[in-house]
Amino acid sequence: MTTPEDALHQARATYEEHVRTCRQCYVDTVPCAVSKHLLRIYNNARRGQMRPNPAVR
């Protein structure tokens, strides 16, 4: 199982790689739908890491 830190780093790396390799994202200033989705995943992982951990029941 991956740790939250690993998930955050993986989400960021995936997003950054897509922006570099996607023709639409690289040439245009408007991100494509996949880029928006990957950024949303990264932001959710970042927010999840910032939240305090709930008590385990």
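Given a 1.4 angstrom probe, I'd like the percentage of the accessible area of the chain that is carbon and sulfur, rounded to a whole number.
Answer for the chain is 56 percent, counting heavy atoms of protein chains only.
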Can you compute 3J(HN,Hα) from phi for each residue in the stretch 12-26, using the Karplus curve 6.51 cos²θ - 1.76 cosθ + 1.60 with θ = phi - 60°, rounded to whole Hz and x for Gly and Pro?
5, 5, 5, 4, 5, 5, 4, 4, 6, 9, 6, 4, 5, 5, 6
Throw me the Rg/Rh for the chain, computed over C-alpha atoms with Kirkwood Rh, two decimals.
1.12
Note to self: with every protein chain in place and a 1.4 Å probe, the chain gives an accessible area per residue in Å² of 88 Å²
Just to be sure I understand the model, the point goes 7 Å from the Cα along the line to the Cβ. What's the resulting LEU39 to ARG51 distance in nm?
2.2 nm
Given R₀ = 22 Å, what would the calculated FRET efficiency be for TYR26 paired with ASP6, taking r from the Cβ atoms and rounding to 0.05?
0.25
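The values are calculated or read from the model by the stated rules, or taken from the named source; none is laboratory data. Keep in mind it's a predicted model, so treat the numbers as computed, not measured. Don't worry about glycine lacking a Cβ; one is built from the backbone with ideal geometry, like all the others, and counts go over all protein chains shown. The accessibility values were calculated without ligands, DNA or RNA, using every heavy atom of the protein model including side chains. Shrake-Rupley method; radii C 1.70, N 1.55, O 1.52, S 1.80 Å.
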